Amino acid sequence: QITLKESGPSLVKPTQTLTLTCTFSGFSLSTNGVGVGWIRQPPGKALEWLALIFWNDDKRYSPSLMSRLTITKDTSKNQVVLTMTNMDPVDTATYYCAHESSFIPRRFDPWGQGTLVTVSS
Amino acid sequence: DIQMTQSPSSLSASVGDRVTITCRASQSISSYLNWYQQKPGKAPKLLIYAASSLQSGVPSRFSGSGSGTDFTLTISSLQPEDFATYYCQQSYIIPRSFGQGTKLDIK
């Protein structure tokens, strides 16, 4: 059974850097084809894809946020870390991590429970 | 980038109704289309992948169809637990993208 759980601060100040950790079990990020993605959802709004990291350390980012995002993995700890710099109140959202299947077509399944991050001074 | 557009944005229906939600991609995505269900305060849950494949454990009243740019999610007979928000998502290319969501509520 695959599970994922996000952790990190619930409140950050504007201009600060957000660091979120996704801790997972039930799969290995060294397995061919596997990925872990980050998706966020502002309150009452739609899902927005942020970043993906693959088993081979290939990293992909949302073009609109690329300059602010960094995704890394620690295979030995079963963790994926997302950092987002220069946080702004519009970045207030629930942040989810999700397993992206190695099977084609790829899909996000399952998702973590999400963590709400509020950006406010 | 591929834009995903869902219609309608919201929908009111009754238990037992047949409901269809549409998703359109800004370019062809073959069958690389997934559907998710999200209930308030919960993470999205995969319902349909590859446009028409039912995820394990999902009731058979859910079905998906389409290819290329036009896709549909159909619920054949609405149950009380189906009132939620539904999102489509393309996995054809990176960046991945989601539709804006369709909120299904009780009439």
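FYI, it's all coordinate maths here, none of it is from the lab. Keep in mind the model is a prediction, meaning the values are calculated, not measured. With ideal geometry, Cβ positions are generated from the backbone for all residues, glycine too; neighbour counts draw on all protein chains shown.
Please rank A:55, A:49, fewest neighbouring Cβ atoms within 10 Å first, as an exposure proxy. Fewest-to-most Cβ neighbours within 10 Å comes out as A:55, A:49. Per-residue mean of foreign Cβ neighbours for B:1-8 is 1 (Cβ atoms of other chains, 10 Å radius). Averaged over the residues of peptide A:101-107, the number of Cβ atoms from other protein chains lying within 10 Å of each residue's Cβ is 6. Evaluated with a Cβ-only charge set (Lys, Arg +1; Asp, Glu -1), region A:13-114 carries a dipole of roughly 60 debye about its Cα centre, given to the nearest 20. The alpha carbons of region A:58-121 stretch over 42, 27, 25 Å along the principal axes, in descending order.
If you average 1/r over every pair of different alpha-carbon atoms in region B:7-65 and take one over that average, what Kirkwood value in Å do you get?
It is 13.0 Å.
Rounded to the nearest 20, the size of the Cβ-charge dipole of chain B about its Cα centre is 140 debye, with Lys and Arg at +1 and Asp and Glu at -1. The stretch between residue A:11 and residue A:86 holds 25.6 nm of extra length on full extension. This uses 0.36 nm per residue minus the Cα-Cα distance. Sorting the segments A:30-36, A:63-69 by their mean number of nearby beta carbons within 10 angstrom, highest to lowest, gives A:30-36, A:63-69.
Taking every residue in B:37-45, how many Cβ atoms of other protein chains lie within 10 Å of its Cβ, on average? Counting other chains' Cβ atoms within 10 Å and averaging over B:37-45 gives 4.
Every Cα-Cα pair in the protein assembly as shown was counted, and those over 20 Å apart are 58% of them.
Residue-normalised convex hull volume from the C-alpha trace of chain B: 88 Å³ per residue. Between residue A:102 and residue B:42, the simple spin-label model (points 7 angstrom out along Cα→Cβ) gives 2.9 nm.
Cross-linked pairs A:13/A:77; A:5/B:42; A:5/A:59; A:13/B:39; B:42/B:103; A:13/A:59: Cα-Cα separations exceed 23 Å for A:13/A:77; A:13/B:39; A:13/A:59.
For chain A, the Cα gyration tensor yields ellipsoid semi-axes of 24, 14, 13 Å (square root of five times each eigenvalue, largest first, whole Å).
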